[in-house]
Amino acid sequence: FITVTEKIAGIFSRNISLKIDRWLSSFVEGLQSLNDMKNAFNIFVISLIQWCVIAFVMYIGLIAFDIKLEFFSAFFIMIIVTLGIVIPPSPGGIGTTQFFSVIALSFYGINKADALSFSLVYNFISYIVVTLIGWYYLMKESIRFNELLKSSEEKS
């Protein structure tokens with residue numbers, strides 16, 4: 001699959017072909033961890049816990065905005081938003097998160113203004129929390145931001 005994709009992309013651009021090769025090779029490397037049943041089970045359990053925590057946080061956010069839905073509605077909203085931000089990615093999911101949140105909440109009859117308000121605050125808080133955790137671990141591991149930029153440039 002990788003070879004065929006490289007050849008097709010190579011028709012248009014050598015640079016695009018190389019980038020696609022790196023992305024697909026990295027993806028395949030990640031899938032190697034699923035060869036071991038213990039790893040696959042652990043990944044499944046951790047993923048399930050993570051999705052439940054995210055849905056719970058989203059549910060708390062809905063309550064905070066006086067949007068009265070069942071707990072499992074938070075899972076539906078989370079799935080729609082996640083699928084939406086994967087398709088047209090934007091930095092921090094800004095814009096796409098709001099668009100897909102409004103769509104998901106419209107299934108429950110929530111008006112656009114309330115849905116957008118919820119989404120903006122939820123997205124902001126999620127972004128800040130992840131950023132602060134990232135900064136904490138950068139400091140803890142004594143990694144400088146310049147080192148990250150240099151490493152990122154070397155991979156490109």
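The values are calculated or read from the model by the stated rules, or taken from the named source; none is laboratory data. Bear in mind the structure is a predicted one, so any value in this text is a computation, not a measurement. Because the Cβ atoms are built from the backbone with ideal geometry, glycine has one as well, and the counts that use them run over all protein chains shown. The area values use the complete protein model at the heavy-atom level, side chains included, leaving out ligands, DNA and RNA. Shrake-Rupley method; radii C 1.70, N 1.55, O 1.52, S 1.80 Å.
The requirement of being of a type in the set (Val, Ile, Thr) and surrounded by fewer than 16 Cβ atoms within 10 Å (Cβ to Cβ) is not satisfied by Val81. What do you reckon, is Ser73 surrounded by 15 or more Cβ atoms within 10 Å (Cβ to Cβ) and out of contact with any strand residue (DSSP E or B) (no Cβ under 7 Å at 6 or more places or on another chain)? Criteria met by Ser73.
Quick check on Gly61: is it under 23 Å from Ile128 (Cα atoms) and in contact (Cβ under 8 Å) with a residue 60 or more places away in the chain?
yes
I need the full set of residues from region 84-98 which are more than 16 Å from Tyr127 (Cα to Cα) and either open to solvent by less than 70 Å² (accessible area, probe 1.4 Å) or touching a helix residue (DSSP H, G or I) at 6+ places or on another chain (Cβ under 7 Å) (or both), in order please. Residues satisfying the conditions are Gly84, Pro88.
Output the residue which, of all residues in region 1-25 that are of a type in the set (S, T, N, Q) and exposed (fewer than 11 other Cβ atoms within 10 Å of the Cβ), is modelled with the highest pLDDT. Step through it out loud before you land on a result.
Let us first name the residues in region 1-25 that are of a type in the set (S, T, N, Q), namely 3, 5, 13, 15, 17, 25.
Cutting the leftovers down to exposed (fewer than 11 other Cβ atoms within 10 Å of the Cβ) gives us 3, 15.
Values: Thr3: 72, Asn15: 77.
In this case the residue turns out to be Asn15.
I'd like to know if region 127-145 contains one or more residues that are within 18 Å of the chain's Cα centre (by Cα), surrounded by 10 or more Cβ atoms within 10 Å (Cβ to Cβ) and closer than 15 Å to Ile80 by Cβ. For region 127-145, residues within 18 Å of the chain's Cα centre (by Cα), surrounded by 10 or more Cβ atoms within 10 Å (Cβ to Cβ) and closer than 15 Å to Ile80 by Cβ: absent. Just to be sure, is Gly109 within 18 Å of the chain's Cα centre (by Cα), free of Cβ contacts under 8 Å to residues at least 60 places away in the same chain and farther than 30 Å from Arg14 by Cβ? Here the answer is no, as Gly109 does not meet what is asked.
All of Ile85, Ile80 fail the test of being at pLDDT 90 or above, closer than 30 Å to Arg22 by Cα and of a type outside the set (Phe, Trp, Tyr), apart from Ile80. Of all residues in region 36-53, those that are open to solvent by less than 60 Å² (accessible area, probe 1.4 Å) and β-branched (Val, Ile, Thr) total 1.
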